[in-house]
């Protein structure tokens with residue numbers, strides 16, 4: 001017996017619009033950061049996570065988990081960030097088998113330089129197109145979905161004030 005709860009036509013339309021929007025938004029962010037700052041969105045997000053970590057550093061395995069990336073994919077990205085002088089890889093002081101990614105001063109400066117253009121793009125592409133009520137609903141929806149996907153709250157992101165624009 002087939003117990004699959006298939007999407008209704010309306011749900012299918014919403015799902016397709018959401019997936020298309022999410023992909024287009026990510027592409028838009030990536031193009032802006034590449035054009036204006038010479039870094040892909042993925043690298044920007046790694047720098048953001050490191051900038052918010054205690055001591056601006058995290059174990060590579062923890063960083064991979066926070067970014068939702070495989071260790072090999074993250075290792076490749078961190079290698080590129082090392083080449084730019086934005087991140088240093090260090091031996092983990094508590095576990096000699098592990099390593100730590102640390103944001104350098106040069107990396108923090110690159111992040112600070114990229115942030116205004118990125119925030120402007122986020123505002124123009126998303127928030128300026130929504131009413132304050134829609135922003136609140138988007139926050140509520142995002143929190144509800146994240147609670148189901150990440151009930152232990154291991155992923156980064158503010159979930160404290162989803163109603164505030």
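The values are calculated or read from the model by the stated rules, or taken from the named source; none is laboratory data. Predicted model, so just to flag it, every value in this text is computed and none were measured. Every residue, glycine as well, gets a Cβ built from its backbone with ideal geometry; the counts of neighbours run over all protein chains shown.
Return the only residue of 102, 114 being more than 19 Å from residue 37 (Cβ to Cβ), surrounded by 15 or more Cβ atoms within 10 Å (Cβ to Cβ) and modelled with pLDDT of 95 or more.
When all the criteria are applied, what remains is 102.
So if I check each of 154, 121, which one is under 17 Å from the mean Cα position of the chain (by Cα) and at pLDDT below 90?
Step by step, each of 154, 121 is checked, and only 154 is under 17 Å from the mean Cα position of the chain (by Cα) and at pLDDT below 90.
Of the numbered conditions (1) closer than 23 Å to residue 153 by Cα; (2) surrounded by fewer than 11 Cβ atoms within 10 Å (Cβ to Cβ), residue 97 satisfies every one except a single condition; which is it?
Here residue 97 clears every test but (1).
For region 133-142, does any single residue satisfy the condition of being under 29 Å from residue 40 (Cβ atoms), in contact with a strand residue (DSSP E or B) (Cβ under 8 Å, 6 or more places away or on another chain), modelled with pLDDT of 95 or more and surrounded by 11 or more Cβ atoms within 10 Å (Cβ to Cβ)?
No; the residues of region 133-142 include none that is under 29 Å from residue 40 (Cβ atoms), in contact with a strand residue (DSSP E or B) (Cβ under 8 Å, 6 or more places away or on another chain), modelled with pLDDT of 95 or more and surrounded by 11 or more Cβ atoms within 10 Å (Cβ to Cβ).
Yes or no: region 81-90 includes at least one residue that is modelled with pLDDT of 95 or more, touching a helix residue (DSSP H, G or I) at 6+ places or on another chain (Cβ under 6 Å) and surrounded by fewer than 18 Cβ atoms within 10 Å (Cβ to Cβ).
Checking region 81-90: at least one residue is modelled with pLDDT of 95 or more, touching a helix residue (DSSP H, G or I) at 6+ places or on another chain (Cβ under 6 Å) and surrounded by fewer than 18 Cβ atoms within 10 Å (Cβ to Cβ).
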